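Trainee: Provided herewith is a single structure, encoded as structure tokens, for subsequent inquiry.
Rule-based calculations on the coordinates, nothing more; no lab input. Since we're looking at a predicted model, the values are computed, not measured. Here the Cβ positions follow ideal geometry from the backbone for every residue, glycine too, while neighbour counts run over all protein chains shown.
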Amino acid sequence: RPKAQAPTDATRAPHAPPNLPFAVVLTNLLAGRLIMTEVEERTPLEAVQKAREIWLNAIKQSDLDEVERLYRWALSSKKNIETDGNDGSERPKKKAKQGHCGLDRSDYINASEKFALLLCQSGRCKKAKKGLASIGFTCRLAKRVLDYPDESKESDDSSPNKDRKQQQAPPCTIVDKFLSQAELERLQSVFESTTANYWTSHDYAVEPPSPYFSYVLSLEQIETNGFGFIGELIQKVLHCPQLAEKFPKLPNTRYVEMWAHNRPHASGHQLHFDSDDEGRGGVRNPIISTILYIADGDDDIAGGPSMVTN
């Protein structure tokens with residue numbers, strides 16, 4: 001999926017006034033009126049839900065522009081809820097505003113977070129600052145994480161910490177072309193399609209996310225029973241010279257846990273530390289964690305890079 005980019009002048013929604021961190025100002029442009037007329041037929045909550053649906057399936061910049069328009073409208077909506085008087089009188093219905101721009105507080109905060117992320121990913125981190133502060137944020141990930149540079153345009157000398165990087169060994173290593181073409185195609189046949197048996201059999205879902213599941217195999221089982229193709233891949237990891245050099249404790253491995261995900265780019269993945277059984281009963285970090293990508297990096301379905309911290 002494409003990273004979010006700032007919309008062009010022709011499609012950019014007007015900037016919010018200082019006293020409304022997430023607001024939209026309607027213009028007199030005919031196109032603008034047509035867009036907002038269509039949005040106003042939805043409730044703010046429906047607009048937020050539609051924005052997220054489009055974002056998860058976005059394939060072009062105009063999709064992301066529409067996501068931004070929907071979030072801006074929902075977060076600045078002044079729609080009210082009509083309520084009846086409860087004192088038994090014949091007074092007419094009065095209008096009671098919901099807590100936050102036509103959204104309840106939980107939906108408002110969730111939509112605000114998503115909209116701020118969209119701004120940050122499109123080079124507008126400063127514009128997201130006030131809105132994030134208004135919902136209690138005091139810090140966020142760096143611009144280089146949320147709006148990472150295009151590797152094809154980044155030179156080797158572009159990093160301000162180049163000298164420091166040369167002095168410190170990275171906490172990870174990359175093994176490109178780890179899989180043969182036959183191995184890659186076999187894994188793609190099993191995992192790439194969202195309708196593949198692996199996903200449907202586990203009732204896998206992105207939003208709301210399905211419960212976490214994984215498989216644990218002992219090396220004794222693998223050495224005794226082989227475990228077919230998966231067993232072969234595990235042995236390939238364990239006997240990879242590049243990994244053995246980087247992680248000298250690799251030969252001490254006794255168990256292997258494996259799981260998979262199939263998510264659109266916009267869904268992301270939470271920051272976490274790998275630990276046996278999610279850290280229950282004490283943190284037990286693995287000797288090595290591996291991430292194996294089976295999507296072609298040049299395909300539209302490829303997501304963003306993984307971030308590894310030391």
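Trainee: Can you work out the PRE-style zone for Glu223? Point 7 Å along Cα to Cβ, and I want the residues of segment 242-271 with backbone N under 17 Å.
Mentor: Within reach of a label on Glu223: 249-257.
Trainee: Starting from the Cα of Ser289, step 7 Å along the direction of its Cβ; do the same at Ser106; then give the gap between the two resulting points in nm.
Mentor: Between Ser289 and Ser106, the simple spin-label model gives 2.9 nm.
Trainee: Now a separate question. For segment 173-310, state the average projected area of the convex hull of the C-alpha atoms over all orientations, rounded to one decimal in nm².
Mentor: For segment 173-310, the mean projected area of the Cα convex hull comes to 9.6 nm².
Trainee: Quick one: if you stick a label point 7 Å off each Cα along the C-beta vector at Lys129 and Glu245, how many nm between them?
Mentor: Once both label points are built, they end up 4.5 nm from each other.
Trainee: Could you calculate the FRET efficiency of Ala205 with Glu232 from 1/(1 + (r/R0)^6), where r is the beta carbon distance between them and R0 is 35 Å, rounded to 0.05? Could the numbers behind the result be given before it?
Mentor: Working: r = 30 Å, r/R0 = 0.86.
The calculated FRET efficiency here is 0.70.
Trainee: Given R₀ = 22 Å, what would the calculated FRET efficiency be for Glu183 paired with Arg280, taking r from the Cβ atoms and rounding to 0.05? Kindly include the intermediate steps, with their values, before the conclusion.
Mentor: On the way: r = 34 Å, r/R0 = 1.53.
Once rounded, the FRET efficiency stands at 0.05.
Trainee: Cα-Cα over 25 Å: which of Lys60/Lys130; Lys143/Lys177; Lys60/Lys114; Lys143/Lys246; Lys60/Lys177?
Mentor: The answer is Lys60/Lys130; Lys143/Lys177; Lys143/Lys246; Lys60/Lys177.
Trainee: Lys/Arg Cβ at +1, Asp/Glu Cβ at -1, dipole of segment 170-285 taken about the Cα centre: which of Ser210, Gln188, Asn252 is farthest positive-ward?
Mentor: Final value for the positive-end residue is Asn252.
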